[in-house]
Amino acid sequence: MSKVKAFYKLARPFNAISGALAVFLGGYVARTGAWDKVALAALVTFLVTGAGNAWNDYLDIEIDKINQPNRVLPSGQISPRSAMIFSIVLTVLGLIIAAFINPAAFLVALGASIILFIYSWKLKSTVLMGNATVAAISALSVVFGGIAAGNVWPTLWLAAIIGVAITGREVLKTLADYEGDLRQHVRTISTAWGRRPARIVFYLLIAATGWIMLLPYLLDVYNDFYAYIVAFGVYPVMLYALVRVTKFSSGRQLERVSQLMKMDFLIWFVAVILGASDLISLLG
């Protein structure tokens with residue numbers, strides 16, 4: 001495999017693109033039309049997220065030898081030092097671009113970068129704190145879009161939904177990585193509290209996500225199309241996840257459910273786009 005492709009995989013671009021899409025979503029609901037700045041914010045998010053992914057893999061080489069042996073670093077496709085330099089370069093590029101948006105955007109990008117580095121270094125091996133940190137950073141992406149566009153308030157609904165949903169998915173990932181984390185003495189909700197309590201927390205968070213997702217519709221923030229897409233597009237996947245996450249599920253099976261939930265967010269994004277559209281409301 002070429003070095004370029006290895007670095008590409010190290011950044012986990014799908015995760016980074018998901019963050020960039022969340023920024024565009026925040027810019028969309030902000031309704032200011034400042035798409036040039038929103039686009040820059042999306043690029044910053046892509047770079048900073050890629051940097052965080054690379055840094056995380058750099059610190060998790062030993063754990064990934066058990067949980068994810070085919071990843072770039074444990075399989076020896078590039079050196080750990082190269083991964084560290086790559087992470088630093090992406091972070092610097094992201095901060096330089098953020099400085100051209102506005103001062104608030106630069107401060108948010110700087111804070112997010114610092115938190116991502118601290119997360120991989122210390123917070124990841126904590127009970128729920130690390131999960132909540134990832135969720136907060138994910139929720140911040142949509143708020144970042146509002147900051148870049150100059151109207152942050154409409155993005156707060158989305159941030160609340162994303163925060164709760166991502167926390168649930170992060171708990172699910174601790175279940176999927178249980179064996180490797182246990183061998184490496186990594187403290188997560190699954191290794192510290194046990195898999196059964198972790199599953200219960202996952203169930204509660206997914207149920208809470210389902211309820212919170214409906215609030216913008218119930219409070220007349222979004223139109224009927226939002227409710228239809230959430231009910232028939234998003235909820236079935238969430239229900240499937242609840243059914244599939246059992247004590248008999250293997251780590252690989254749980255990882256597949258986690259990836260499916262990630263795809264479910266794209267359906268929810270569509271729900272928000274149509275639900276917040278004045279044109280759709282007029283047609284209805």
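Tabulated results
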read-out	value
Extreme residue, surrounded by the most Cβ atoms within 10 Å (Cβ to Cβ), among residues of the range 16-52 that are touching a helix residue (DSSP H, G or I) at 6+ places or on another chain (Cβ under 6 Å), assigned to a helix (DSSP H, G or I) and of a type in the set (S, T, N, Q)	Thr45
Selected residue (criterion: nearest to the chain's Cα centre (by Cα)) from residues of the range 112-150 that are of a type in the set (S, T, N, Q) and closer than 23 Å to Leu95 by Cβ	Ser138
Considering residues of the range 242-259 that are free of Cβ contacts under 8 Å to residues at least 40 places away in the same chain, hydrophobic (A, V, I, L, M, F, W, C) and under 19 Å from Tyr178 (Cβ atoms) only, the residue surrounded by the most Cβ atoms within 10 Å (Cβ to Cβ)	Leu242
All positions within the range 219-241 that are under 22 Å from Thr167 (Cβ atoms) and without any contact (Cβ under 8 Å) to a residue 12 or more places away in the chain	Pro236, Leu239
From the options Trp121, Trp157, residue that is hydrophobic (A, V, I, L, M, F, W, C), more than 27 Å from Val237 (Cβ to Cβ) and in contact (Cβ under 8 Å) with a residue 40 or more places away in the chain	Trp121
Identity of the residue in the range 71-99, β-branched (Val, Ile, Thr) and assigned to a helix (DSSP H, G or I), that ends up farthest from Lys37 (Cα to Cα)	Ile85
Considering residues of the range 53-70 that are over 19 Å from Ile118 (Cβ atoms) and in a helix (DSSP H, G or I) only, the residue modelled with the lowest pLDDT	Asn67
So Ala22, is it modelled with pLDDT of 90 or more and closer than 30 Å to Ser277 by Cβ	yes
Matching residues, the range 209-222, being part of a helix (DSSP H, G or I) and surrounded by 15 or more Cβ atoms within 10 Å (Cβ to Cβ)	Thr209, Gly210, Ile212, Met213, Leu214, Pro216, Tyr217
Residues located in the range 103-114, provided they are within 12 Å of Gly150 (Cα to Cα) and crowded, with 17+ Cβ neighbours inside 10 Å	Ala105
Top-ranked residue of the range 165-196 - restricted to ones that are under 17 Å from the mean Cα position of the chain (by Cα) and small (Gly, Ala, Ser), ranked as farthest from Tyr235 (Cα to Cα)	Ala176
Which listed residue is among the aromatic types (Phe, Trp, Tyr), surrounded by 14 or more Cβ atoms within 10 Å (Cβ to Cβ), at pLDDT 90 or above and under 21 Å from Tyr119 (Cβ atoms), from Phe269, Phe202, Phe225	Phe202
Filter result (buried (at least 19 other Cβ atoms within 10 Å of the Cβ) and either in contact with an Asp or Glu (Cβ under 8 Å, 6 or more places away or on another chain) or not in a helix (DSSP H, G or I) (or both)) within the range 174-197	Thr174, Ala176, Asp177, Gly180, Val186, Thr188, Ser190, Thr191
Number of the condition not met by Met263 [criteria: (1) loosely packed, with under 15 Cβ neighbours inside 10 Å; (2) of a type in the set (A, V, I, L, M, F, W, C); (3) without any contact (Cβ under 8 Å) to a residue 24 or more places away in the chain]	(3)
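Each row is one residue, and each column tells you yes or no for (1) β-branched (Val, Ile, Thr); (2) under 23 Å from Met263 (Cβ atoms).
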position: Arg183; (1), (2): no, no
position: Arg199; (1), (2): no, yes
position: Tyr228; (1), (2): no, yes
position: Phe232; (1), (2): no, yes
position: Pro236; (1), (2): no, yes
position: Tyr240; (1), (2): no, yes
position: Thr246; (1), (2): yes, yes
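Each row is one residue, and each column tells you yes or no for (1) within 27 Å of Tyr58 (Cβ to Cβ); (2) of a type in the set (Asp, Glu); (3) in a helix (DSSP H, G or I); (4) touching a Ser or Thr at 6+ places or on another chain (Cβ under 8 Å).
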site: Ile101; (1), (2), (3), (4): no, no, no, no
site: Gly130; (1), (2), (3), (4): yes, no, yes, yes
site: Val142; (1), (2), (3), (4): no, no, yes, yes
site: Pro154; (1), (2), (3), (4): no, no, yes, no
site: Leu158; (1), (2), (3), (4): no, no, yes, no
site: Ile161; (1), (2), (3), (4): no, no, yes, yes
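The values are calculated or read from the model by the stated rules, or taken from the named source; none is laboratory data. No experiment lies behind these values; they were computed from the predicted model shown. Here the Cβ is made from the backbone with ideal geometry for all residues, glycine too, and neighbour counts use every protein chain on show.
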